[in-house]
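Working notes, structure below.
The values are calculated or read from the model by the stated rules, or taken from the named source; none is laboratory data. Everything numeric here is computed off the predicted structure, so don't read it as measured data. Every residue, glycine among them, receives a Cβ derived from its backbone with ideal geometry; neighbour counts consider all protein chains shown. Just so you know, the surface numbers come from the protein's heavy atoms only, side chains and all, with ligands and any DNA or RNA stripped out. Shrake-Rupley method; radii C 1.70, N 1.55, O 1.52, S 1.80 Å.
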Amino acid sequence: LTAKALYYLPLAGSQAANAYQNAQAVDYFTRALALIPEQNLRTRFDLLLERTDVFHRIGDRKSELADINLLDSLAMKLSDVQLFAKSFLARANYCITTGDYPCAMENSQRALELARPEDHSMLDAYSYLASSLLRLGRLDESMKTALAGLDKARQVGARKNEAHMLNGLGLISIEQNN
């Protein structure tokens, strides 16, 4: 029974999250995490990352931050550079939402430094970094970052990220003209 639950609960959590049934998604991920053996660190990391996204979506900042701290701990235990990059990206997302732009900038930069070029999820780091620099009044740096992110998004055909970068470039241009 536990094996089936470990298979189906994460799937149900992902499906619920995709359908914006956020309370159910949190419940499924939390139940799955309770069943996963403590030594199965990678699976715990992956589920926590998904639950962190749901907490972010619903604005539960306290739970989101607690999960991000757990992600940091798991990445450290696993000594996995790519997991550190994902943890930094989650923290950057949290920081930009809470208005802590220096923190968002630092974590976005750290994520970009560690990310593999083929890791498309890191394209969000360019958006967070450009937005943080914009909010801090560092318009030229923000423009360079957004252009670099736009170039990367176009190289890999990531249309959503390309749109985010173009939007960011528009906002930066507006500020530069004021």
**Report entry** Scan of the range 64-83 for residues that are in contact (Cβ under 8 Å) with a residue 24 or more places away in the chain and either over 13 Å from Leu41 (Cβ atoms) or among the polar types (S, T, N, Q) (or both), ordered by number
**Finding:** Glu64, Leu65, Ile68, Val81, Gln82
Query raised in the report: Is there a residue being in contact (Cβ under 8 Å) with a residue 12 or more places away in the chain, under 18 Å from Pro102 (Cβ atoms) and either small (Gly, Ala, Ser) or crowded, with 22+ Cβ neighbours inside 10 Å (or both) anywhere in the range 142-159?
Result: yes
Query - Pick from the range 1-47, criterion outside any helix (DSSP H, G or I) and of a type in the set (A, V, I, L, M, F, W, C), ranking: most open to solvent (accessible area, probe 1.4 Å) - result: Leu1
Query raised in the report: What residue, among those in the range 148-178 that are outside any helix (DSSP H, G or I) and of a type outside the set (A, V, I, L, M), is nearest to Arg91 (Cα to Cα)?
Result: Gly157
Requested in this report: For the range 112-147, name all the residues that are in a helix (DSSP H, G or I), at pLDDT 95 or above and aliphatic (A, V, I, L, M).
Outcome: Leu129, Ala130, Leu133, Leu134, Leu139, Met143, Ala146, Leu147
Query raised in the report: For the range 127-144, what are the residues that are closer than 14 Å to Glu106 by Cβ and of a type in the set (D, E, K, R)?
Result: Arg135, Arg138, Glu141
Requested in this report: Go through the range 101-134 and give me each residue that's surrounded by 17 or more Cβ atoms within 10 Å (Cβ to Cβ) and of a type in the set (D, E, K, R).
Outcome: Glu106, Arg110, Asp124
Query - Of the criteria (1) within 18 Å of Lys86 (Cα to Cα); (2) within 15 Å of the chain's Cα centre (by Cα), which one His164 fails - result: (1)
Report summary line: (1) at pLDDT below 95; (2) among the polar types (S, T, N, Q); (3) open to solvent by 60 Å² or more (accessible area, probe 1.4 Å); (4) assigned to a helix (DSSP H, G or I) all hold for Asn69 apart from (1)
